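In what follows, a structure is listed as structure tokens, so that the remarks can point back to it.
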Amino acid sequence: MRVLSVASECAPLVKTGGLADVVGALPAALAGQGVQMRVLLPGYPAVTGALADARAVLSIDDLFGGPARVLAGMAAGLDLLVVDAPHLFQRPGSPYLGPDGRDWPDNPERFAALSWVAAQIAADGAEGWHPQVLHGHDWQAGFMVEYLRRMDAPQVRTVMTIHNIAFSGPADPMRLDSLRLDPARFHSEGYEYWGRISALKAGLIGADVLTTVSPTYAEELTTPEFGMGMDGLIRQRRADLRGILNGIDTDAWNPATDPTIAPYSTAAGKPANRTALRAEMGLPESDGPLCVIVSRMTDQKGLDLVLEALPALRAIGGQLALLGSGDPALESAFRDLAAHDPDVAIRIGYDEALSHRMMAGGDAILVPSRFEPCGLTQMYALRYGTVPVVALTGGLADTVINASPAALAVRAATGIQFAPVTADALSGALMRLGALWRQKKVWARIQRNAMAQPVGWEESARAYAALYAELGATTG
Ligand code: ADP
Ligand code: GLC
């Protein structure tokens, strides 16, 4: 089975969040399932610069305002097709933001171009390679389905994965032309969304199958609370929507071999890492649990609730170490807090190696997200014996076994879940954390369970492979 995965980020080359990890991990996970997956990426400097032995496999005279080529090559073990279009992608820094921290004004066209190339490869192939399935991720790939309608590729099937429905890829209807869209399809049954153009909606309307990254989020998407205005459409397409849980890269996230920490294979190895993390973050020694957070700092992640729940953290003698960046108001609130509270330490920025040391050194991780399609950090935490304290939503509901009396009785618990997603409920969860922390045997049991929980890609890779096979079986 030949699949072309279409995405705007891919670890380790370019990453702003979990999307990149998933796109980067799927090809290797699927190779064992008989799926050949190539990844189509925009030619940002970080991508074109990493390509080894690149060769041009397609040239396009006018790709949304300039000439372009599609390059084929390997980078970081990934088999890539890269849209080399300097007028769109040769820009430094974030894949989405200009130097002023705002979205590039031509983002709709930039990712329309990515989607256009995907459709063109579906129709014409690349050096004789013809994908049977186009698998698009998030709004950046949405228009591929729209463009495919006017290409000659009747055999090619499409999958759209929703990693985060909060980003719909909106554009003003004035841009119909520049986005090369068929104006006759700008209506509520097409890609029109509340009076604007939506790339995500184009994908969700037109793709043969929809997936999202956890079973619970698949359910949540059908509700007004989580559907962000697309819930009606999702309800219509419910039969075509599957929730397939993300995995994590269990080689990159393996406490027994992790080169950035003092490696360990049982939780007995954590205290050394905790001591090192405290020293690195400038936190004093303490008998209480060291809670960590590694996160984008946005409304989604509920970090404002942590500020409010701080009295509970103090009450259990806990400490907090945070690594993250994002919303300036949240960043400064945490800066203020750390300046006044010796038991709170923060690092504003993005630091892959420190994120590993946080997982190894933390006793617990806090993930109080208002919504979380899957979430990866709670899975890293499980593997590192760091007890997740998570909101009961999306993938957080599907990956953590709450330490309820029943789960504790059968010794199955791996963490703590709370609902509703409020500061009060988070405070309650922290009090439960404190109580478990004091019962050393129970705590050790939870850590053991957490570390034993499967968090790799095996099962989900099988689910994707089965999905492609089903789609393939329907082609003539
Ligand atoms: P989302 O994609 O919504 O941000 P996920 O939990 O799926 O949430 O993925 C976030 C990814 O980004 C994880 O790999 C996490 O470790 C990483 N990450 C987030 N913030 C930072 C940071 N400041 N430094 C290093 N890694 C980070
Ligand atoms: C999105 C979601 C996150 C998910 C990631 C990878 O960024 O916010 O929950 O884990 O995509 O699917």
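The values are calculated or read from the model by the stated rules, or taken from the named source; none is laboratory data. Note that the structure is a prediction, hence the values are computed from the model and not measured. In this analysis, Cβ positions are derived from the backbone assuming ideal geometry, glycine residues included, and neighbour counts consider all displayed protein chains.
A few points about this structure:
- Selection from the range 295-315 of residues that are outside any helix (DSSP H, G or I) and crowded, with 20+ Cβ neighbours inside 10 Å: 295, 297, 302, 309
- For the range 7-49, a residue qualifies if it is of a type in the set (Ser, Thr, Tyr) and either within 13 Å of ligand 1 (Cβ to nearest atom) or under 11 Å from the mean Cα position of the chain (by Cα) (or both), and the qualifying residues are 8, 16.
- In this structure, residue 133 does not satisfy being within 16 Å of residue 63 (Cβ to Cβ) and either modelled with pLDDT of 95 or more or assigned by TED's automatic domain parsing to the domain that holds residue 176 (or both).
- Residue 179, sole failed condition from (1) of a type outside the set (Gly, Ala, Ser); (2) surrounded by 20 or more Cβ atoms within 10 Å (Cβ to Cβ); (3) within 16 Å of ligand 1 (Cβ to nearest atom): (3)
Okay, residues lined up against (1) within 20 Å of residue 375 (Cβ to Cβ); (2) surrounded by fewer than 20 Cβ atoms within 10 Å (Cβ to Cβ):
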site	(1), (2)
195	no, yes
199	no, no
205	no, no
210	yes, no
213	yes, no
218	yes, no
222	yes, yes
225	yes, yes
230	no, no
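- Matching strands (runs of 3 or more DSSP E) fully within the range 1-116 where at least 2 residues are over 22 Å from residue 147 (Cα atoms) and assigned by TED's automatic domain parsing to the domain that holds residue 171: 52-60, 68-75, 78-84
- Selection from the range 6-18 of residues that are within 11 Å of ligand 2 (Cβ to nearest atom) and under 16 Å from residue 352 (Cβ atoms): 9, 11, 15, 16, 17, 18
- Members of the range 250-283 found to be buried (at least 20 other Cβ atoms within 10 Å of the Cβ) and under 23 Å from the mean Cα position of the chain (by Cα), listed by number: 253, 255, 258
- Any chance residue 160 is among the aliphatic types (A, V, I, L, M) and not in a loop (DSSP other than H, G, I, E, B): yes
- Matching entry among 280, 372, 352, 308 (being without any contact (Cβ under 8 Å) to a residue 60 or more places away in the chain, charged (D, E, K, R) and in the same structural domain as residue 425 (by TED's automatic domain parsing)): 352
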